[in-house]
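The values are calculated or read from the model by the stated rules, or taken from the named source; none is laboratory data. Quantities reported herein were computed from a predicted structural model and do not represent experimental measurements. As a convention, Cβ positions derive from the backbone with ideal geometry for all residues, glycine included, and neighbour counts pool all protein chains shown. Surface accessibility is based on the protein's heavy atoms, side chains included, excluding ligands, DNA and RNA. Shrake-Rupley method; radii C 1.70, N 1.55, O 1.52, S 1.80 Å.
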Amino acid sequence: MDPLHDVPAATWRQSLARHAYSLLLASLKPVYLLRLWLRGRAEPLYRHKVLERLGDYREHRDLHEGRWLGDVWVHAVSLGETRAAAALIDALRAERPGLRLLLTHSTATGREAGEALLREGDVQAWLPYDTPGVVQRFFEQFRPRVGVLMETEIWPNLLRRAQGSGIPMVLANARLSEKSRRQGERLAAVLRPAVEAITLVLAQTEADAQRLRDSGAREVVVCGNLKFDMAPDEALLARGRAWRHALARPVLLGAVMREGEEAMLLAEWAKRAAENRPLLLIVPRHPQRFDEVAALVQAAGLALARRSGWGDTPPTEAWHADVWLGDSMREMALYYAMADVALLGGSFAPLGGQNLIEAAACGCPVVMGPHTFNFAQAAELSLAAGAALRVADMAAGVDTACALLDSPEREQRAAQARAFAAAHRGAARRMTGYLLRWLPVKAAS
């Protein structure tokens with residue numbers, strides 16, 4: 001068979017798949033908007049400027065033919081990506097003072113955190129819904145020199161329109177697990193052209209890079225993980241240490257826990273004698289679950305104190321509580337500084353784990369479960385550095401963590417965690433070097 005005859009057929013299949021994808025999204029638009037409205041009950045920011053998601057960006061028009069003509073567009077979907085993007089944005093501003101930034105998000109936590117990154121002349125908006133007309137209106141309004149998508153954001157219509165508009169697109173801090181790569185193969189007719197439309201991929205690891213090449217990426221460079229460049233807030237670290245000193249008892253942290261994991265943790269906690277239990281601090285991954293987790297703690301018959309109930313100093317009753325609920329935003333450095341050991345959320349249920357790099361930077365040793373495929377290399381490097389331990393399940397996790405609480409080994413592992421985090425910094429500088437090709441030095445006025 002002549003392979004040249006396959007090209008039109010493959011192109012036709014891809015075009016048909018993209019149209020089917022677009023029609024499906026268009027049909028689901030009412031569901032999408034309803035979901036935003038419902039999430040807005042717990043997080044009101046989801047109801048803020050909803051029309052931006054449908055391509056209405058008129059309020060951002062400036063004086064140049066009604067368009068925003070800036071330097072860099074960064075899309076950071078949620079809180080974790082926004083915090084990682086902060087390190088990259090800081091490095092870019094150091095090289096290009098006066099840089100004009102367009103910052104987009106998909107979640108309320110991402111948008112709230114992103115506000116602190118804005119400077120004069122910058123714009124913040126919601127990412128458009130990925131249908132052709134909505135995406136076209138986005139690019140009619142915004143014309144950056146280069147677009148940067150953080151980590152895993154592959155949107156077929158968005159990338160196709162950017163390519164058609166001549167806007168280079170970079171996938172930064174890119175990662176792709178083997179599980180996600182296999183899932184993507186089933187949607188290759190839609191996803192492969194989107195990946196091929198990316199101008200440059202800046203991958204976290206060589207394994208991520210190879211999987212992205214296999215998925216269609218044309219130019220891939222390994223730069224490391226931006227999350228190693230995130231510096232913990234010193235004020236939060238100091239407050240966490242002060243609270244730990246005032247407690248005068250060990251603290252075990254359930255860090256960024258996901259659905260089902262808190263129940264597992266509380267079930268194991270109930271097996272331990274009350275007089276021998278340290279303070280249990282639980283921080284759920286998603287803020288909409290704070291009340292749900294509070295109810296679980298109370299149903300277990302444990303005295304609960306909620307972080308949202310006080311300011312800089314916990315009330316008297318909090319010091320005597322069995323469990324603290326970390327129901328606040330952007331205070332993970334405080335919680336890690338307060339904790340002696342952390343159980344890593346997302347790793348005890350088959351959810352791929354959460355970022356453990358922040359824990360290491362704060363000097364908090366981590367005990368993780370078997371499921372860390374979303375952060376595979378960071379997990380393995382932390383194990384090799386002595387910054388983390390791996391266990392088979394939650395029961396083993398609680399036993400291991402509690403044993404470490406009472407061991408002189410804990411201080412050694414805390415020091416190893418800090419050294420591990422420091423040893424892998426530099427991704428922001430490396431990524432900035434590649435992005436500067438699209439950001440020429442501006443002439444002095």
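Mind telling me which of the residues VAL293, VAL283, VAL256 ends up being buried (at least 19 other Cβ atoms within 10 Å of the Cβ), β-branched (Val, Ile, Thr) and part of a helix (DSSP H, G or I)?
Working: VAL283 fails: part of a helix (DSSP H, G or I); VAL256 fails: part of a helix (DSSP H, G or I).
None of the others qualify; the one that does is VAL293.
crowded, with 19+ Cβ neighbours inside 10 Å and either among the aliphatic types (A, V, I, L, M) or part of a loop (DSSP other than H, G, I, E, B) (or both), is that true of LEU265? Write out each step before concluding.
On the way: crowded, with 19+ Cβ neighbours inside 10 Å: yes; either among the aliphatic types (A, V, I, L, M) or part of a loop (DSSP other than H, G, I, E, B) (or both): yes.
Judged against the criteria, LEU265 is a match.
State which residue pairs qualify: first residue free of Cβ contacts under 8 Å to residues at least 24 places away in the same chain and inside region 389-410, second residue open to solvent by less than 30 Å² (accessible area, probe 1.4 Å) and not in a helix (DSSP H, G or I) in any location, beta carbons under 6 Å apart, and separation of 6 or more residues or different chains.
Once the first residue is free of Cβ contacts under 8 Å to residues at least 24 places away in the same chain and sits in region 389-410, its partners that are open to solvent by less than 30 Å² (accessible area, probe 1.4 Å) and not in a helix (DSSP H, G or I) give ARG390/MET368.
Only one of ALA387, ALA342, ALA376 is farther than 24 Å from LEU247 by Cβ and either over 18 Å from the mean Cα position of the chain (by Cα) or surrounded by fewer than 21 Cβ atoms within 10 Å (Cβ to Cβ) (or both); which? Write out each step before concluding.
Numbers: ALA387 fails: farther than 24 Å from LEU247 by Cβ; ALA342 fails: farther than 24 Å from LEU247 by Cβ.
Every option except ALA376 fails the conditions.
Pick from region 160-187 the residues that are hydrophobic (A, V, I, L, M, F, W, C) and touching a Leu at 6+ places or on another chain (Cβ under 8 Å): which of them is most open to solvent (accessible area, probe 1.4 Å)?
Among those that are hydrophobic (A, V, I, L, M, F, W, C) and touching a Leu at 6+ places or on another chain (Cβ under 8 Å), it is LEU176.
Just wondering, is there one or more residues in region 297-317 that are crowded, with 17+ Cβ neighbours inside 10 Å, among the β-branched types (Val, Ile, Thr) and more than 24 Å from ASP233 (Cβ to Cβ)?
Checking region 297-317: at least one residue is crowded, with 17+ Cβ neighbours inside 10 Å, among the β-branched types (Val, Ile, Thr) and more than 24 Å from ASP233 (Cβ to Cβ).
Which of the residues belonging to region 107-144 are in a loop (DSSP other than H, G, I, E, B) and surrounded by fewer than 17 Cβ atoms within 10 Å (Cβ to Cβ)? Give the steps one after another, and end with the answer.
Looking only at region 107-144, we keep the residues that are in a loop (DSSP other than H, G, I, E, B), and these are 107, 118-122, 127-131, 143-144.
Within region 107-144, LEU118, ARG119, GLU120, GLY121 qualify.
For region 83-99, give me the residue count where each residue is surrounded by fewer than 18 Cβ atoms within 10 Å (Cβ to Cβ), without any contact (Cβ under 8 Å) to a residue 60 or more places away in the chain and either of a type in the set (Val, Ile, Thr) or assigned to a loop (DSSP other than H, G, I, E, B) (or both).
The qualifying residues number 1.
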